[in-house]
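Down below is the structure, laid out as structure tokens.
The values are calculated or read from the model by the stated rules, or taken from the named source; none is laboratory data. Owing to the predicted nature of the structure, the values given are computational and were not obtained by experimental measurement. Please note that ligands, DNA and RNA were not included when accessible areas were found on the heavy atoms of the full protein model with its side chains. Shrake-Rupley method; radii C 1.70, N 1.55, O 1.52, S 1.80 Å.
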Amino acid sequence: MFNLKNRNAIVTGGGGIVGRGFSKILSEYGANVAVFDVDIESANLTVFEIKKNNPNSNLIAIHCDVTKPENVYEAVEQVNKIFGSIDILSNNAATKTNNLKKFLNSFEDYDLDTWREVMSVNIDGMFLMAQAVGKKMLTQSDGGSIVQTASIYGVIAPDQRIYEGSQYLGQQISSPAVYAASKAAVIGFSKYLASYWGDKKIRVNTISPGGVESGQNDQFKNNYSSRVPMGRMAELNEIEAAFLFLASDSSSYITGQNLIVDGGLSSW
């Protein structure tokens, strides 16, 4: 039931850490994968790395700025023409903006333009992708599966204590309100689409990962892990496996759900 042979998939934000992992596991289980990213070099790198380990895999890299309707619809149409259908959408693209300092600024001093920039990708872009791909899936007898990436911080508030002495890529780390608000919106949006398309064979679910190691310093890793019942951060393959479950027919009677992969963080 995990077999994705002859299935066609799009992964937005496919040049990022999580998107690259989603692209990899879709490809490993037989899907043809279109890797979307606003940074085409990152998308190409994803394709290169996956093909290096699996030369027979079928992946294409496509530039797509999910905040631009014309770009979204052109990219989706291109994939549909190349593959013939779109069976899986990993609606995964998100942004920390090009100014990490502004993105991580305190709530009291947060810039409205930065807030809107994040929302334009994390929510507006997700809307545009779901709309464009959903229209294609409605014409397919088998519908499709849409998996939208949220976060544990769309479910619970961050414990501010874990950020004391913590850094990310040399920058004092925090989890800004715009991130939590956008990811909570993803969950609500997924539930809406699941009920709206429920009788059209289009399943829509959310995956909410907990913290994954991605450049944080040891202080953060220790602080975060101490708050997790399993005592550690997630490994990327653990997020990938949960995503595969939702993308494949293994979850054929599951829609409108939020699969939390957090080592138990949200249980207390």
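Centre-to-centre, using Cα atoms only, region 14-63 and region 90-134 are separated by 22 Å.
Could you work out the relative contact order of region 118-268, using alpha carbon pairs under 8 angstrom and six or more residues apart, expressed as a whole percent? List each step's numbers first, then the result.
Numbers: 235 pairs, mean separation 45.0, N = 151.
In percent, rounded to a whole number, it is 30.
Helix 177-196 against the longest principal axis of the chain: what's the angle in degrees, Cα atoms only, rounded to the nearest 10? Value to nearest ten degrees: 30.
Element breakdown for region 44-84 at a 1.4 angstrom probe: carbon and sulfur atoms account for 50% of the accessible area.
When the chain is treated as a GNM with alpha-carbon contacts under 10 Å, the residue of Ala93, Ala157, Ala34 showing the greatest mean-square fluctuation is Ala157. Dividing the mean sequence gap of close Cα pairs (under 8 Å, 6+ apart) by how many residues region 56-195 holds gives a relative contact order of 29 percent. Across region 13-29, coupling constants 3J(HN,Hα) worked out from phi with the 6.51/-1.76/1.60 Karplus curve, θ = phi - 60°, read x, x, x, x, 4, 6, x, 5, x, 5, 4, 5, 6, 4, 5, 4, 9 Hz, and Gly and Pro carry x. Reported to two decimal places, what Rg/Rh ratio describes the chain when computed on Cα atoms with Rh from the Kirkwood expression? The Rg/Rh ratio comes out at 0.95. Angle between the Cα long axis of helix 69-83 and the longest principal axis of the chain, 0 to 90 degrees, nearest 10? In the chain, helix 69-83 runs at an angle near 50 degrees to the longest axis.
Note on the chain: antiparallel DSSP beta bridges, both residues inside, total approximately 10 percent of the bridges counted.
Taking every C-alpha pair closer than 8 Å and separated by at least 6 residues, the mean separation divided by the residue count of the chain gives a relative contact order of 18 percent. All Cα-Cα separations within region 3-44 were binned at 5 Å from zero, giving a P(r) of 6, 30, 32, 18, 10, 3, each value a whole percent of the pairs. Globularity index of region 1-145 is 1.09 (Cα radius of gyration / 2.2 N^0.38 Å, N = number of residues). Tell me the angle of helix 236-247 to the major Cα principal axis of the chain, expressed in degrees between 0 and 90 and rounded to the nearest ten. Roughly 40 degrees between the two axes. Annotation: amide H-H contacts under 5 Å for Asn258 (H modelled 1.01 Å from N, sequence separation of 5 or more, or interchain): Thr206.
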